[in-house]
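Everything on this sheet refers to the single structure shown next.
The values are calculated or read from the model by the stated rules, or taken from the named source; none is laboratory data. Everything numeric here is computed off the predicted structure, so don't read it as measured data. Counting neighbours? That spans all protein chains shown, and the Cβs are built from the backbone with ideal geometry, glycine included. Heavy atoms of the whole protein, side chains included, go into the accessibility calculation; ligands, DNA and RNA do not. Shrake-Rupley method; radii C 1.70, N 1.55, O 1.52, S 1.80 Å.
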Amino acid sequence: MNEIMWAIGRAGGIVSLGLFTLVLVLGIVSRSGRTLLGLPRFSVALVHRSTALTAVVFLALHVGTLLLDPHAKLALPDVVVPFIAAWNPFWVGLGTVALDLVLALVVTGLLRQRLGQRVFRTIHWAAYGMWPIGLAHALGTGTNAVDLWFQAYAWGCAGAVACAVVWRLSAGFAETSAARLGRA
C-alpha cells in the first residue's frame, strides 16, 4: 500500500507541474489582449480557470497522499510551515511555500468579488512566484528529478513559460497594449 501512495503522490506532483505550467501560460496569454489560436479572450480565461482548479485537485492529491505515506515522513506542519520538514527541509520547504501561495490564490479567487479587481490582481501576481518555486521543488526533491524523461518534462515546462513571456513582451504585444490604452 505504501508504494501505491508514493506512486500516486509522485504522479500528482508531476501532473500538477504540467497543469500549473498550462495555467501560467494561459494566464499570460489571456492578459495579453491577443487571441490564442483564434479563441476569444474569455474562452482562454475559462480554460485558464478550469485548468487551475484541476491543478489544485492534483496538488491536493500530491500532498494528501504523501501525508498518508509513512515513507515520505511528511507531517501536517511540514505542509503549512516552510523549511521544517525532517527530510530534505529546503526542497520540501520550497514545495510548502508554493502550496501556501496556491492557497492564497485559491482564497482570493473565491473572494474575488468581495476583494475587488485591484486587490485580486495584486495577490494574483503571486502565481509568478509560485510557479518557479514549485519547479525548483520538483527538481530538488522529486524522486524522478534525475531521470532524463523528467528533466525533459520539467525543462519543457520552463520553455513553455519562457515562450509565453517572450510572446507577451514582444513588439506585437506592446503595440496591442498601447492601442488598447489609446496611446497608438
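Tabulated data for the structure shown
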read-out	value
Accessible area of the chain divided out per residue, in Å², using a probe of 1.4 angstrom	57
For the range 17-98: rounded, prolate or oblate by the Cα gyration tensor [a/c cutoff 1.5]	prolate
Extension gain (nm, one decimal) between Val57 and Ala104, 0.36 nm per residue minus Cα-Cα	15.4 nm
Accessible-area value, Val166, 1.4 Å probe, nucleic acids and ligands omitted, Å²	100
Nearest 10 degrees, 0 to 90: helix 2-31 Cα axis against the chain principal axis	10
Principal axis dimensions, the chain - Cα atoms, whole angstrom, descending	60, 41, 25
Accessible-area composition of the range 107-170, carbon plus sulfur, in percent [1.4 Å probe]	70
Positive-end residue, the range 1-159 charge dipole about Cα centroid, Cβ charges, pick of Val119, Leu148, Ile4	Val119
Global geometry of the range 67-168, whether rounded, prolate or oblate, following the gyration tensor of its Cα atoms and the 1.5 cut on a/c	oblate
Accessible area, probe 1.4 Å, largest first, for residues Leu135, Leu110	Leu110, Leu135
Cα shape, the range 51-98, gyration tensor, a/c 1.5 rule	oblate
Accessible surface, 1.4 Å probe, highest first, among residues Phe83, Phe58	Phe83, Phe58
